[in-house]
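S.K.: Supplied in structure tokens, the structure appears directly below.
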Amino acid sequence: MDLSEQIDKRRIPKHVAMIMDGNGRWAQRKGGERIFGHRNGVESVRQVVEAAGELGVEYLTLYAFSTENWKRPRKEIDGLMNLLTNTIANETKKLNENNVRLLVIGNITDLPNSVQKHLAQSVNSLSVNTGLKLVLALSYSGRWEITDVVKRMCLDAKSGKLDPDQIDSCLVESYLATSSMPDPELLIRTSGERRISNFLLWQLAYTELYFTPVLWPDYRKEHFYEAIIDYQRRERRFGKVSEKSRVFTNNS
Ligand code: FPP
């Protein structure tokens with residue numbers, strides 16, 4: 001049976017976040033430079049975007065470039081920025097045909113002007129679409145985001161727009177880059193590493209974590225289906241007691 005047929009279509013996570021890891025190791029194993037791995041990772045992005053759209057996932061957030069990635073060698077950063085510009089330019093038509101909307105989170109002003117320009121054009125031209133929302137995290141980190149929230153809240157408090165007594169977790173959420181999105185139900189990280197690596201620190205509080213040894217350039221639709229099937233087998237309790245043990249307690 002096709003793996004996708006094992007998925008319960010009524011319990012698809014609304015928001016899936018992905019740490020696309022292992023491009024460098026994949027390239028090294030093939031005797032190529034790191035950018036060779038990143039280039040081959042684009043096909044995996046296509047596959048995941050298609051699979052998520054077909055299943056009815058509402059938000060797919062991809063960690064495409066972290067705040068820490070700026071510390072990589074200049075050559076790799078330039079290669080990645082070119083790849084991003086070209087991929088966005090080349091894929092926008094296909095994304096549009098698939099009714100995908102594009103959103104970006106992160107410190108966008110850090111990105112080269114050409115990347116910012118292409119991103120703005122694509123975000124704009126896909127803004128009327130109603131299908132999957134593809135969220136690219138670029139020059140993003142959870143600590144950057146939370147620091148930025150604190151700064152903007154302090155500025156609003158200083159100008160009288162915000163009363164510190166009103167601050168609760170809902171209000172903090174309204175300042176996050178993801179304020180319009182539900183928290184991810186599922187985080188997938190490839191390449192066998194088991195870390196959050198400064199991704200969506202606030203939003204991942206109750207997220208189910210799924211780790212796979214597959215390196216990102218080898219990641220295909222079937223791997224995504226496997227992660228969804230695994231997620232659907234889990235019981236999410238959000239700090240409360242299990243439904244099963246509640247039934248047991250009520251009956252005893
Ligand atoms: C991590 O692998 C991957 C990245 C830092 C870049 C991911 C970017 C892409 C897949 C390019 C295309 C993306 C989009 C959204 C158009 P790594 O280099 O840290 O791998 P390693 O841990 O094996 O060194």
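The values are calculated or read from the model by the stated rules, or taken from the named source; none is laboratory data. These figures come from a predicted structure and were not determined experimentally. Every residue, glycine as well, gets a Cβ built from its backbone with ideal geometry; the counts of neighbours run over all protein chains shown. Remember, those area values only see protein heavy atoms, side chains included, never the ligands or the DNA or RNA. Shrake-Rupley method; radii C 1.70, N 1.55, O 1.52, S 1.80 Å.
S.K.: Considering each of Glu58, Glu33 in turn, give the residue that is more than 9 Å from the ligand (Cβ to nearest atom), out of contact with any helix residue (DSSP H, G or I) (no Cβ under 7 Å at 6 or more places or on another chain) and of a type outside the set (Ser, Thr, Tyr). Before the answer, list the steps.
M.R.: Numbers: Glu33 fails: out of contact with any helix residue (DSSP H, G or I) (no Cβ under 7 Å at 6 or more places or on another chain).
Unique residue meeting the criteria: Glu58.
S.K.: Under 26 Å from Gln232 (Cα atoms) and more than 7 Å from the ligand (Cβ to nearest atom): is that true of Val45 in this structure? I'd like the intermediate steps shown before the answer.
M.R.: Numbers: under 26 Å from Gln232 (Cα atoms): yes; more than 7 Å from the ligand (Cβ to nearest atom): no.
For Val45, the condition - under 26 Å from Gln232 (Cα atoms) and more than 7 Å from the ligand (Cβ to nearest atom) - is not met.
Table: residues versus (1) touching a Ser or Thr at 6+ places or on another chain (Cβ under 7 Å); (2) charged (D, E, K, R); (3) within 11 Å of the ligand (Cβ to nearest atom).
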residue: Leu3; (1), (2), (3): no, no, no
residue: Gln28; (1), (2), (3): no, no, yes
residue: Gly37; (1), (2), (3): no, no, yes
residue: Asn40; (1), (2), (3): no, no, yes
residue: Ala51; (1), (2), (3): no, no, no
residue: Glu68; (1), (2), (3): yes, yes, yes
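S.K.: What is the residue count in region 128-147 for residues that are under 16 Å from Glu58 (Cβ atoms) and either of a type in the set (Phe, Trp, Tyr) or without any contact (Cβ under 8 Å) to a residue 60 or more places away in the chain (or both)?
M.R.: So the count comes out to 2.
S.K.: Turning to a different aspect of this structure: For residues that are of a type in the set (Lys, Arg) and touching a residue at least 12 places away in the same chain (Cβ under 8 Å), scanning just region 30-62, find the one that is farthest from Asn96 (Cα to Cα).
M.R.: Within region 30-62, the first condition is being of a type in the set (Lys, Arg), and the residues that meet it are 30, 34, 39, 46.
Pick out the ones that are also touching a residue at least 12 places away in the same chain (Cβ under 8 Å) and you get 34, 39, 46.
Numbers: Arg34: 30, Arg39: 22, Arg46: 13 Å.
Within region 30-62, the match that is farthest from Asn96 (Cα to Cα) is Arg34.
S.K.: Now for a separate question. Just the residues that are open to solvent by less than 20 Å² (accessible area, probe 1.4 Å), part of a loop (DSSP other than H, G, I, E, B) and within 16 Å of the ligand (Cβ to nearest atom), please, taken from region 191-245.
M.R.: Ser191, Phe199, Leu200, Thr212, Leu215, Tyr219
S.K.: Restricting to region 102-150, what's the tally of residues that are of a type in the set (Asp, Glu) and out of contact with any strand residue (DSSP E or B) (no Cβ under 7 Å at 6 or more places or on another chain)?
M.R.: Going through region 102-150, the residues of a type in the set (Asp, Glu) turn out to be 110, 145, 148.
After this cut, where a residue has to be out of contact with any strand residue (DSSP E or B) (no Cβ under 7 Å at 6 or more places or on another chain) as well, the list is 145, 148.
Of the residues in region 102-150, 2 are of a type in the set (Asp, Glu) and out of contact with any strand residue (DSSP E or B) (no Cβ under 7 Å at 6 or more places or on another chain).
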